[in-house]
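Values in this text are rule-based calculations from the coordinates and carry no lab data. What you see is a predicted model; the values in this text were computed from it and never measured. Positions of Cβ are generated from backbone atoms using ideal geometry, with glycine treated the same way; all protein chains shown enter the neighbour counts.
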Ligand SMILES: Nc1ncnc2c1ncn2[C@@H]1O[C@H](COP(=O)(O)OP(=O)(O)OP(=O)(O)O)[C@@H](O)[C@H]1O
């Protein structure tokens, strides 16, 4: 196995302030990021993701322990040595005046420039490649201040890529991106880990993104710990659910995300007879109405594909309709009417 590009060894992270008690956010953390790995850092608000990233990149000193970049203590490296191995986009806005996207991306080459500061062909090639890889080539001449949040975010990723780092750290790169751009970014980062061999560490609130895309997840809990592992191990072992699923919430394994727990009416079970996507959305409607899809001899729901779909409910009350909206209304009406409770259980509807 490759030697880690970045390691945290017995690392404690937090805030040491004058005349005020030290705040320890994370304690005794051991982590390793290997070349070519995409690592997603996840955890609830305020758990310490930014604090950890800031400590890993040397933007704030550790309270204890060490960060090793290619085996060297980060604290012993000069800013230039660090910048040639480690690129960072943090969430703090950067003031770049009226600079164009291309000029901002070119800033990523500064660690490689001579004291004369002239750009060599290699620098220009790296900037061009970064603009293409981050999907912002068409924005190259636009002033950064004119761009949308999502566009600016991708330009900042391009700037970090231009640094050609061994370790790339991105704080919430998906925050402003729409669904399509998020998928593009994920694909781009996965591609980059393979082509450049860089280790990419990113924090995100997008659980699905982390669990589907990352080689490794670093899960920050609210007890100052970080659990590292394959996404499947953390999800399967309930670690993700323990950290994220609060009251009235549960972790949906199939959807790889946290959902509002269903408040099903006891006994209100219906057998759904439908196929494929129609079945999935019919079951969604059934749950939304407070019923559970399952095996029931008494209540059967047949749904025919179509836009809108046609449904027919069989049971103590027969009904049919068009569209899932009317299906939900029908099911809710039944549970709200004591006489129509499954097994006449009036109490269950309360
Ligand atoms: N400059 C600071 N001084 C003292 N405490 C701080 C400072 N910055 C953050 N904290 C505290 O450190 C803890 C972790 O904050 P951090 O921003 O790292 O969390 P996060 O996981 O990135 O949260 P979010 O998901 O909301 O971005 C919080 O309790 C926060 O209040």
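A few comments on the model shown:
- Kirkwood-type radius of the stretch 269-349, with distances r between different C-alpha atoms, in Å: 12.4 Å
- Relative intensity of the chain on a log10 scale, I(q)/I(0) at q = 0.12, 0.14 Å⁻¹, equals -0.90, -1.07, per a Debye sum over C-alpha point scatterers of equal strength in the absence of solvent.
- With R₀ fixed at 30 Å, the C-beta to C-beta distance from residue 180 to residue 222 puts the FRET efficiency at about 0.40.
- The C-alpha atoms of the chain define a longest principal axis, and helix 121-133 lies at about 10 degrees to it.
- Counting only DSSP beta bridges with both residues in the stretch 6-246, the antiparallel share comes to about 55 percent.
- Inter-part distance where the stretch 132-160 and the stretch 207-222 are each reduced to a Cα centre, Å: 26 Å
- Among 250, 76, 326: highest mean-square fluctuation, GNM of the chain, C-alpha pairs under 10 Å: 326
- Short-range pairs are left out: with C-alpha atoms under 8 Å and at least six residues apart, the relative contact order of the stretch 169-277 is 17 percent.
- Taking 0.36 nm per residue of sequence separation and removing the Cα-Cα distance, the residue 95/residue 23 pair yields an extension gain of 23.0 nm.
- A Förster distance of 41 Å, applied to the separation of the beta-carbon atoms of residue 124 and residue 288, puts the FRET efficiency at 0.15.
- Label-to-label distance, nm, for residues given as residue 141 and residue 2 (7 Å Cα→Cβ offset): 3.8 nm
- Computed FRET value (nearest 0.05) for residue 337 with residue 295, which takes r as the C-beta separation and R₀ as 30 Å: 0.80
- The mean sequence separation of alpha-carbon pairs under 8 Å and at least six residues apart, normalised by the residue count of the stretch 1-156, gives a relative contact order of 20 percent.
- In nm, spacing of pseudo-spin labels at residue 188 and residue 73 (7 Å Cα→C-beta vector): 3.7 nm
- Take every pair of alpha-carbon atoms less than 8 Å apart whose residues are at least six positions apart; their mean separation over the length of the chain yields a relative contact order of 16 percent.
- Alpha-carbon centroids, the stretch 288-318 and the stretch 176-190: separation in whole Å: 37 Å
- Over the stretch 87-199, the reciprocal of the mean inverse Cα-Cα separation, the Kirkwood hydrodynamic radius, stands at 14.1 Å.
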